[in-house]
2 protein chains.
Amino acid sequence: MSRVVLHNYFRSSTSYRVRIALNLKGVAYDYVAHHLRHGEHRDAAFLAVNPQGLVPALVWTDGTVVTQSLAICEFLDEAIREPALLPADAPGRARVRAISQMIACEIHPVNNLRVLNALRTRYGADDSGVADWFRHWVNETFAPLEEMLAKSPHTGRFCHGDAPGLADICLVAQVANNARFNVDMTPYPTIACIRDACMELPAFADAAPARQPDAE
Amino acid sequence: MSRVVLHNYFRSSTSYRVRIALNLKGVAYDYVAHHLRHGEHRDAAFLAVNPQGLVPALVWTDGTVVTQSLAICEFLDEAIREPALLPADAPGRARVRAISQMIACEIHPVNNLRVLNALRTRYGADDSGVADWFRHWVNETFAPLEEMLAKSPHTGRFCHGDAPGLADICLVAQVANNARFNVDMTPYPTIACIRDACMELPAFADAAPARQPDAE
């Protein structure tokens, strides 16, 4: 059994998700940084691990390589059952996965670095245009997410009850990204409150971009 | 116990995923169509089911509402165990989820209707520009996906072995979308071959957009 290795980048919000999950599960890991802006994730050694050249990529103790942040989180949840990242009941799991996917499939992909760069190169978007694009897609999903969370009896101190899980992982990483584009969180008091509750936990706080070895 | 209801739209590829999953599981369902271009999914009755106003949304026999296509597929896989949409082993499940998320988190969100519309309204993109954008993001992920599938000993007649599952569901729906934007599939023989194998199965063929009651 080797040590777990996480190929990641401090500012990548999908990497941030996996760091939180590893911390919640109490898994110690070797941090291997790949600087996205410098193209280090395209080097040959990393492409041998993940042909897609994207972070995060997890190398488990038995050598299994897992990519895609939500797949990694589910893998960790199956490998180490406690504390669970998903509820015990099927409707609860569906709710947590749906909240996670609202962020992971609707907000983040449209707003990640390579898409923002494409807006600049293809359509001449400037910093202000890129920021407006970013905020638009956050608001499109955060508005219904806020309503869902505020109205549901399943929402507790965290997105689902009083223990943190997969949805909180996605929420915290997204809110961190939002800050870089000055997203106004005033319309989202429930989301903001859950984010604050998470950041009181070392598993979340220690995973923050600014605390990573490659932070600038 | 009521009948299962699927709120969907024939052309929506996320709806297409769920239709395949329901067919594979042998679940009969009531088809409720919401015409995305006409804004029907924003009507009050549907917003009561899904405050986000997006399709697909599944209403299960006990009234549980599940949104987000991958969350719905996982819910179905937990509710009805056979045939399984995910492999029995954890690394296999991680591989299938990762392939699914390459499509669901990297390609589809950047290319869905509302993002393409935003390119038109914000940046004056024309049909040609929109098609080029679409193909760019497909190719960005299909190139490494083709390599992953072609090189892996886990790939069989389908993405993972010789039974169809979650990854095939995502693959087939994406390839159908690609055809609308004339994506050249020549560089992707493995993906094309898996797609063809899927379409020989009634569960996939019957879920195709053209076969739905709201097809135009």
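Just give me the residues in region B:99-121 being of a type outside the set (A, V, I, L, M) and more than 7 Å from chain A (Cβ to nearest Cβ), in sequence order. Spell out the reasoning first.
Applying the first criterion (of a type outside the set (A, V, I, L, M)) to region B:99-121 yields B:100-101, B:105-106, B:108-109, B:111-112, B:114, B:117, B:120-121.
Answer for region B:99-121, where residues must be of a type outside the set (A, V, I, L, M) and more than 7 Å from chain A (Cβ to nearest Cβ): B:Ser100, B:His108, B:Asn111, B:Asn112, B:Arg114, B:Asn117, B:Arg120, B:Thr121.
Give region A:179-216 a look and list any residue that's closer than 18 Å to A:Leu145 by Cβ, part of a helix (DSSP H, G or I) and in contact with a Phe, Trp or Tyr (Cβ under 8 Å, 6 or more places away or on another chain), or say none.
Of everything in region A:179-216, those that are closer than 18 Å to A:Leu145 by Cβ, part of a helix (DSSP H, G or I) and in contact with a Phe, Trp or Tyr (Cβ under 8 Å, 6 or more places away or on another chain) turn out to be A:Ile191, A:Ile194, A:Ala197, A:Cys198.
Identify all residues within region B:125-170 that are at pLDDT below 95 and not in a helix (DSSP H, G or I); write none if there are none.
Within region B:125-170, none qualify.
Mind telling me which of the residues B:Ala207, B:Ala179, B:Ala192 ends up being surrounded by fewer than 18 Cβ atoms within 10 Å (Cβ to Cβ) and under 18 Å from B:Arg19 (Cβ atoms)?
Working: B:Ala207 fails: surrounded by fewer than 18 Cβ atoms within 10 Å (Cβ to Cβ); B:Ala192 fails: under 18 Å from B:Arg19 (Cβ atoms).
That would be B:Ala179, the only listed residue that is surrounded by fewer than 18 Cβ atoms within 10 Å (Cβ to Cβ) and under 18 Å from B:Arg19 (Cβ atoms).
Of the residues A:Val66, A:Val49, A:Val55, only one is within 14 Å of chain B (Cβ to nearest Cβ) and at pLDDT 95 or above; which? Outline the logic, then answer.
Numbers: A:Val49 fails: at pLDDT 95 or above; A:Val55 fails: at pLDDT 95 or above.
None of the other options fit; the residue is A:Val66.
Kindly indicate whether B:Leu119 is outside the structural domain of B:Pro187 (by TED's automatic domain parsing) and within 26 Å of A:Pro144 (Cβ to Cβ). Steps first, please.
Values: outside the structural domain of B:Pro187 (by TED's automatic domain parsing): no; within 26 Å of A:Pro144 (Cβ to Cβ): yes.
So B:Leu119 does not fit the description; no.
I'm trying to understand the selection: among the residues of region B:107-129, which are within 30 Å of B:His160 (Cα to Cα) and either among the hydrophobic types (A, V, I, L, M, F, W, C) or surrounded by 23 or more Cβ atoms within 10 Å (Cβ to Cβ) (or both)? If you could, list the steps in order and put the result at the bottom.
Keep residues of region B:107-129 that are within 30 Å of B:His160 (Cα to Cα), which gives B:107-113.
Correct list: B:Ile107, B:His108, B:Pro109, B:Val110, B:Asn111, B:Leu113.
Among (1) more than 13 Å from chain B (Cβ to nearest Cβ); (2) at negative phi; (3) out of contact with any helix residue (DSSP H, G or I) (no Cβ under 8 Å at 6 or more places or on another chain), where does A:Asn23 come up short?
For A:Asn23, the exception is condition (3).
When the residues of region A:69-98 are narrowed to those that are among the acidic types (Asp, Glu) and more than 8 Å from chain B (Cβ to nearest Cβ), which ends up farthest from the chain's Cα centre (by Cα)? I'd like the intermediate steps shown before the answer.
Let us first name the residues in region A:69-98 that are among the acidic types (Asp, Glu), namely A:74, A:77-78, A:82, A:89.
Still in the running and more than 8 Å from chain B (Cβ to nearest Cβ): A:77, A:82, A:89.
On the way: A:Asp77: 15, A:Glu82: 20, A:Asp89: 23 Å.
Per the stated criteria, the residue is A:Asp89.
Within region A:2-21, which residues are surrounded by fewer than 24 Cβ atoms within 10 Å (Cβ to Cβ) and aliphatic (A, V, I, L, M)?
A:Val4, A:Val5, A:Leu6
Looking at region B:141-188, which of its residues are free of Cβ contacts under 8 Å to residues at least 40 places away in the same chain and hydrophobic (A, V, I, L, M, F, W, C)?
Selection gives B:Val175, B:Ala179, B:Met185.
One residue is enough: does region A:167-179 have a residue meeting the conditions of a type in the set (Gly, Ala, Ser), over 20 Å from the mean Cα position of the chain (by Cα) and more than 9 Å from chain B (Cβ to nearest Cβ)?
No - not one qualifying residue is present in region A:167-179.
What are the residues in region B:118-150 that are within 26 Å of A:Asp132 (Cα to Cα) and of a type in the set (Asp, Glu), if any?
Within region B:118-150, B:Asp126, B:Asp127, B:Asp132, B:Glu140 qualify.
The values are calculated or read from the model by the stated rules, or taken from the named source; none is laboratory data. This one's a predicted model, so the numbers in the text were calculated from it and none came from an experiment. With ideal geometry, Cβ positions are generated from the backbone for all residues, glycine too; neighbour counts draw on all protein chains shown.
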